[in-house]
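Below: one structure, written as structure tokens.
The values are calculated or read from the model by the stated rules, or taken from the named source; none is laboratory data. If you're wondering where the values come from, they're calculated on a predicted model, not measured in any experiment. A quick note on method: Cβ atoms are made from the backbone with ideal geometry, for glycine too, and the neighbour counts reach across all protein chains shown.
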């Protein structure tokens, strides 16, 4: 399990953010033992261009990934549903994206148990 720094919306210089992005892309593309990526999407912003670039890279390298919407506590329930529908529609356009989506909030704990169970299931499965 690897937690990579934010590559899309970071409080860092553009040069540093680009360096992070290049490092992350190289890691994802060159990691043969990588089994799954949980791609965190800020639910307030939706899938951004940088997210699309990562999704396309994962599609090309045949690394399966699931989308995890974050910060859902900052949206109204109807907005969360809209964000989930938009993320699901985008995921359907990508060959390596999984159908399973997670809507989470670290503030109130929404969806974290389900996400942990999903990740734990991966960790216990032998390759």
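Among the numbered conditions (1) surrounded by 11 or more Cβ atoms within 10 Å (Cβ to Cβ); (2) more than 15 Å from residue 46 (Cβ to Cβ); (3) out of contact with any strand residue (DSSP E or B) (no Cβ under 7 Å at 6 or more places or on another chain); (4) touching a residue at least 40 places away in the same chain (Cβ under 8 Å), the only one that residue 115 does not meet is (3).
Quick check, is residue 57 touching a strand residue (DSSP E or B) at 6+ places or on another chain (Cβ under 6 Å), in contact (Cβ under 8 Å) with a residue 12 or more places away in the chain, closer than 24 Å to residue 122 by Cα and outside any loop (DSSP other than H, G, I, E, B)?
Numbers: touching a strand residue (DSSP E or B) at 6+ places or on another chain (Cβ under 6 Å): no; in contact (Cβ under 8 Å) with a residue 12 or more places away in the chain: yes; closer than 24 Å to residue 122 by Cα: yes; outside any loop (DSSP other than H, G, I, E, B): yes.
When the stated conditions are applied, residue 57 does not pass them.
Only one of the numbered conditions (1) buried (at least 18 other Cβ atoms within 10 Å of the Cβ); (2) in a loop (DSSP other than H, G, I, E, B); (3) modelled with pLDDT under 95 is not met by residue 105, and that is (3).
Among the residues of segment 27-49, just one is in a helix (DSSP H, G or I) and either at pLDDT 85 or above or within 14 Å of residue 104 (Cα to Cα) (or both), namely 49. Mind checking whether some residue in segment 61-78 is over 29 Å from residue 124 (Cβ atoms), crowded, with 17+ Cβ neighbours inside 10 Å and out of contact with any strand residue (DSSP E or B) (no Cβ under 7 Å at 6 or more places or on another chain)? Yes.
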